[in-house]
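See structure below.
The values are calculated or read from the model by the stated rules, or taken from the named source; none is laboratory data. Owing to the predicted nature of the structure, the values given are computational and were not obtained by experimental measurement. Quick reminder, even Gly has a Cβ in these numbers, built from the backbone with ideal geometry, and neighbours come from all protein chains shown.
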């Protein structure tokens, strides 16, 4: 795709219509990023175009950016991060009181947060959140980083929830034109489900590796369960929107959040991220080695009750070294004889110390026994508390059991009620199944009728294919013969020219030989000159072939210019109809019905297909050898068909519908006309030359025709309800009988103008009125011949044909009645002119009646043209009769206008002063303003009269 095609695609994707962007246009932008491995051209185009001026176009542009980031090439995400400040500035473009301002602000807020997330977390290649892709890129991660990633994703999920709430509120407040707003939920559904699956897998991995009892994961699990409930409600709301479910599959979530803390064995082939605490970098370690110190082992206090008491400081071994025992003191007595009294006192002191130590040991033993008794008492108290707790638990279990029994009884009652409802639902389902069966039978019968129609159309197509093949063979044979004769003709022409020159030269030579025999040398020179000239002629012949090739190229360029001019003429015709569609004022013309408009829509569809077929044939055959007149004729017919359809729909909406319905229908027909204009613009020579080959050009023509048919089909669906206002044709009435009755009534009514004519009546007016009536009778008879021709070409009776094509039959009958009514008005007006000497008739009434006749005959011709065969002699006769009626009406109008202008007497201007001139000028302006006001009032009254006439016709029928 080139940048020019990209610009056109973005214009169509971000169109001003308040509809959802077409999937093929958004898909083309995504494919462009993968083909070019870059999205820079998309952002440059979006920034250069004036999409931000309209809030609908700006909202669609944000949707396109989101889809490109989400599904485009990974480089699109990097380009979007670079353009983050530009995207941030889009929320300040439109004021806060517009209908899309809040949605645009919330959408920009979400996109900026998404881009900030991707800029901070590098483990994602594109805008989606695939856990397997993240694991393949980041195999080992820090638990703190994983914790932070989950928190950021949950914040992003909250932003999606806020945007969805704003969108649903906007949809509820605005009951129409919600497709554009609903379409923005498509990427939100996919992205929220991706975040949900990623967070689920990430939490399970963290619980599996860090353990179920890790208290740091509890807040994440609680927030995950809350977001699961909100996401379940979001998907439920999305499932209730039929338009959204037709575009994207809504995920189905369980009613309760899955238990992510439960450790489940992982599949052997599945990949999972590993969480490891990262070691500090070597730069942070101390450069100097620490001093090695032997740690002192401090005694750990035991966890029993006895740990509260202090153990003795000295052990038995150490005390034995410090204080001698009693036996040692006794053994030392003999040795102490003869020892001074001081040493004896020292021995007594040691004996006293030993006695004190023994007393201390006895006291400690008593305290240990007391502590043991206290421990036993505490154990008894604990046993008593345990028994009390068990009794309380049993009481709670009994209470819960009774509550469960009550709940079970309530559930049984609810089950019985549900069974009754299910029985009612089963009865309703059986009733609906019987209705569906009836509808299927009706559809089967309709399909059988359609199969018969398809078979007849297939037979006709086979006949036309055989005719086309025979004509193609004849054309190729004649072309080959023509090409074979062309070189022979050129050779003969060269020989004839050479012969003429040789004869002239011979005569000159004979005259010179007779005059002077002495000029032989000069004759030899002339002979040499003739040889040189002969060589030059041969060279000229070679140059002529090259000139022919150049002429062919020039002719091809000229044909391209002619086709461009024809296409521009068609575009101008369509643009003029669009301008008239938007212009103010009431419709002045015959009353248009919905059946007639449906007939014009079918005709426009057929002319569009014929134009596309002939243009493709021209592309395949070439500009020189192709059927250029057929293409130019189809361009004219297609543009005129669209213009006629637009004009009649304008008349129908103005005279029949209410203001709101009229505005909606006018907007739809304007889009149809714009599509036809785009059809012509895409086939200009500049656009065709930009395409690579013939297949691409033919595909472009086919795609444009498909878009046109979609618009016409949409218009037909909108007009379908208005067809019910007019009842269908009765069994006794059909188009043929209505036309015969119209012709007889016109001939009977015109007898008043052919007998008892007053002498004072102007003979030219009477003659022209009778000429119009005779032309109308011939027109109706030609229409009867067309119906007879249809009866001979169809395989079913004419009555069944009318019943089968009831919509077209209603249009034909309505057109025939319009012709009869207009002719009756003309005869009545001319009769008043004859009987009352013009007292009760005016020239203006004659003009209006003749114009009404011309318009109604055009409606009859258009209705008859839909079902007649191409190049039908009866239809050609009908077209000629219509031209005769229009010519006769034009002559009558011109004659009456000449008489009106001749009767006006011009009074000379006589002004005595400048004040008198100014006064007369102001009086004339006042008169003009009064006449314009009267004209506007008359037009409004005419529109109201036409509306009442339309409803009156419905009541009569």
Take the residues in the range 209-227 that are more than 46 Å from the chain's Cα centre (by Cα) and in a helix (DSSP H, G or I); name whichever of them is surrounded by the most Cβ atoms within 10 Å (Cβ to Cβ). 209
Scan the range 37-52 and tell me whether some residue there is outside any loop (DSSP other than H, G, I, E, B), loosely packed, with under 14 Cβ neighbours inside 10 Å and in contact with a helix residue (DSSP H, G or I) (Cβ under 8 Å, 6 or more places away or on another chain). yes
If I filter the range 682-701 down to residues being part of a helix (DSSP H, G or I) and in contact with a helix residue (DSSP H, G or I) (Cβ under 7 Å, 6 or more places away or on another chain), which single residue comes out as farthest from residue 582 (Cα to Cα)? 694
Out of all the residues in the range 54-76, which are surrounded by fewer than 21 Cβ atoms within 10 Å (Cβ to Cβ) and over 20 Å from the mean Cα position of the chain (by Cα)? 74, 75
Looking for something without any contact (Cβ under 8 Å) to a residue 12 or more places away in the chain, assigned to a helix (DSSP H, G or I) and under 30 Å from residue 801 (Cα atoms) - is there at least one such residue anywhere in the range 351-362? no
Mind listing whichever residues of the range 686-706 are surrounded by fewer than 16 Cβ atoms within 10 Å (Cβ to Cβ) and closer than 24 Å to residue 643 by Cα? 702, 703, 706
Qualifying position, being touching a residue at least 12 places away in the same chain (Cβ under 8 Å) and under 57 Å from the mean Cα position of the chain (by Cα), among 456, 445: 456
Look at residue 182 and say whether it is in contact with a helix residue (DSSP H, G or I) (Cβ under 6 Å, 6 or more places away or on another chain) and over 23 Å from residue 257 (Cβ atoms). yes
Within the range 245-270, work out how many residues are closer than 24 Å to residue 27 by Cβ and modelled with pLDDT under 85. 0
Residue 659 fails exactly one of (1) crowded, with 18+ Cβ neighbours inside 10 Å; (2) at pLDDT below 80; (3) within 27 Å of the chain's Cα centre (by Cα), namely (1)
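Residue-wise test of (1) at pLDDT below 90; (2) over 29 Å from residue 111 (Cβ atoms).
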position: 179; (1), (2): yes, no
position: 204; (1), (2): yes, yes
position: 230; (1), (2): no, no
position: 243; (1), (2): yes, no
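Mind listing whichever residues of the range 25-36 are surrounded by 16 or more Cβ atoms within 10 Å (Cβ to Cβ) and more than 15 Å from residue 77 (Cα to Cα)?
Across the range 25-36, the qualifying residues are 25, 26, 28.
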Residues satisfying the stated conditions in the range 620-640, i.e. buried (at least 17 other Cβ atoms within 10 Å of the Cβ), part of a helix (DSSP H, G or I) and at pLDDT below 85: 628
